[in-house]
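Step one of this worksheet: look at the structure below.
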Amino acid sequence: MISWLPALLPLAMTMANLAFWRRLRPGARPPGRLSVLIPARDEGGNIDACLAAAVATEAHEIIVCDDASTDDTADRALRWASRDPRVRVVNGSGPAPGWLGKPAACERLRREATGDWLLFVDADVRLAPDAFARLGSVRPVDLLSVVPRQDVVSFGERLVLPLLHLAYVSWLFLPAIRSSRAPSVVAANGQVMLARAPALNAIGGFAPVRQAVVDDMALMRAVRAAGGTIDFRDGDGVATCRMYRSPGEVADGFSKNLYAGIGGNAPALIFVISLYFTTLLLPWVAVAWTPLAWIGVGANLLQRVLIAARFRYPLGEVVLHPLSILAFFAIALRSAWWTWRGTGRWRGRSVASPAGGIH
């Protein structure tokens, strides 16, 4: 068995992506007004920093949808509204029947917005002051999603968060997303998404993805299916994001949508686990019986070093690669269990979707 050969495939794809998937540089500001739209539920620990960054941009308006928070998110956002007339706060009462929470909050924001460009950002995102100019540096599309630089601090974050970029760059030639029309050639990151308002309005806003567990990917596909243009870019320089702050948050945060993100069915789960095992873990096991497996180990380590250097992850965690992959397997299985059992909660809400998936 040539245990090292499969490891060369994700390495080769990663090298191709790192060569051609460019960062966004400041360019000409897109014509028209920008609305920064922030769905927020129990984000009292994040909303101040998020708004501080947002008001430093060229936004025409900044709207926060307080999604029935149980903490002081609304009060903190209202204090910003009292200081900056561009900031508004709208109160949500939770998703209507048949809707999941985030699509419902984003739809409320879309209806409130008056800008020509709608920039949806999560509350844990910190926009750069020139974010709009960077987003406008590419040829305009109807929906642009970017991956902000991920800040990682705790051990759990350092172990798991780099797998986000590893997944993006290992399996798909990312520059092809813009030109392809194939439904499978899509990637997205819902932390930062810029939409042309008429294009989003033309598909009925978030209504087509109201029950989508992975709403960012579903929205990309909906825009493309309607004849719109999409793109997916490296957003380092556009924004930063610290998604989770503890091992428990990391596990819960990824468990809520990983299973849906890899297909939402058992065959897809088996395929993805087999793919990751064969390419990213098998060489480490195979060194016990063949020295040639060290070629695969070297390929895995080189891939992780390249990812860490490009996306500014701690280099020291590269040697924990096998543990990272095992953590991915555990979270994937947990995510599937949450779906099958209809259990699991996030931010005080059940993560079971109206269609039987998870949110």
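Taken over the stretch 189-222, the criterion of being buried (at least 24 other Cβ atoms within 10 Å of the Cβ) and in a loop (DSSP other than H, G, I, E, B) is satisfied by Phe206, Val213. Against the numbered list (1) of a type outside the set (A, V, I, L, M); (2) under 25 Å from Val147 (Cβ atoms); (3) out of contact with any strand residue (DSSP E or B) (no Cβ under 8 Å at 6 or more places or on another chain), Thr57 comes up short only at (3).
From the list Gly248, Gly316, the lone residue that is within 30 Å of Gly44 (Cα to Cα), modelled with pLDDT under 95, of a type in the set (Gly, Ala, Ser) and part of a helix (DSSP H, G or I) is Gly248. Go through the residues of the stretch 70-92 one by one and say whether even a single one is buried (at least 21 other Cβ atoms within 10 Å of the Cβ) and among the hydroxyl-bearing types (Ser, Thr, Tyr). So far as the stretch 70-92 goes, yes, one or more of its residues are buried (at least 21 other Cβ atoms within 10 Å of the Cβ) and among the hydroxyl-bearing types (Ser, Thr, Tyr). If you filter the stretch 202-218 down to residues that are more than 18 Å from the chain's Cα centre (by Cα) and in contact (Cβ under 8 Å) with a residue 40 or more places away in the chain, you find that the one that is farthest from Trp117 (Cα to Cα) is Ala207.
Applying the set (1) outside any loop (DSSP other than H, G, I, E, B); (2) touching a residue at least 12 places away in the same chain (Cβ under 8 Å); (3) assigned by TED's automatic domain parsing to the domain that holds Arg196 to Gly27 leaves exactly one unmet item: (1). Of all the listed residues (Leu135, Leu100), the sole one being aliphatic (A, V, I, L, M) and out of contact with any His (no Cβ under 6 Å at 6 or more places or on another chain) is Leu135. Screening Met13 with (1) farther than 30 Å from Ile295 by Cα; (2) under 21 Å from the mean Cα position of the chain (by Cα); (3) not acidic (Asp, Glu) gives one miss only, at (1). In the stretch 164-185 there is no residue that is surrounded by 18 or more Cβ atoms within 10 Å (Cβ to Cβ), basic (Lys, Arg) and in contact with a strand residue (DSSP E or B) (Cβ under 9 Å, 6 or more places away or on another chain). In the stretch 1-59, which residues are over 19 Å from Leu127 (Cα atoms), surrounded by 15 or more Cβ atoms within 10 Å (Cβ to Cβ) and of a type in the set (Gly, Ala, Ser)? Answer for the stretch 1-59, where residues must be over 19 Å from Leu127 (Cα atoms), surrounded by 15 or more Cβ atoms within 10 Å (Cβ to Cβ) and of a type in the set (Gly, Ala, Ser): Ser3, Ala7.
Among residues belonging to the stretch 264-276 that are part of a helix (DSSP H, G or I) and surrounded by fewer than 16 Cβ atoms within 10 Å (Cβ to Cβ), point out the one that is nearest to the chain's Cα centre (by Cα). Selected residue: Ala268.
The values are calculated or read from the model by the stated rules, or taken from the named source; none is laboratory data. The structure presented is a predicted model; accordingly, all values stated were derived computationally and were not measured. When we count neighbours, we look across all protein chains shown, and the Cβ atoms used for this are built from the backbone with ideal geometry, even at glycine.
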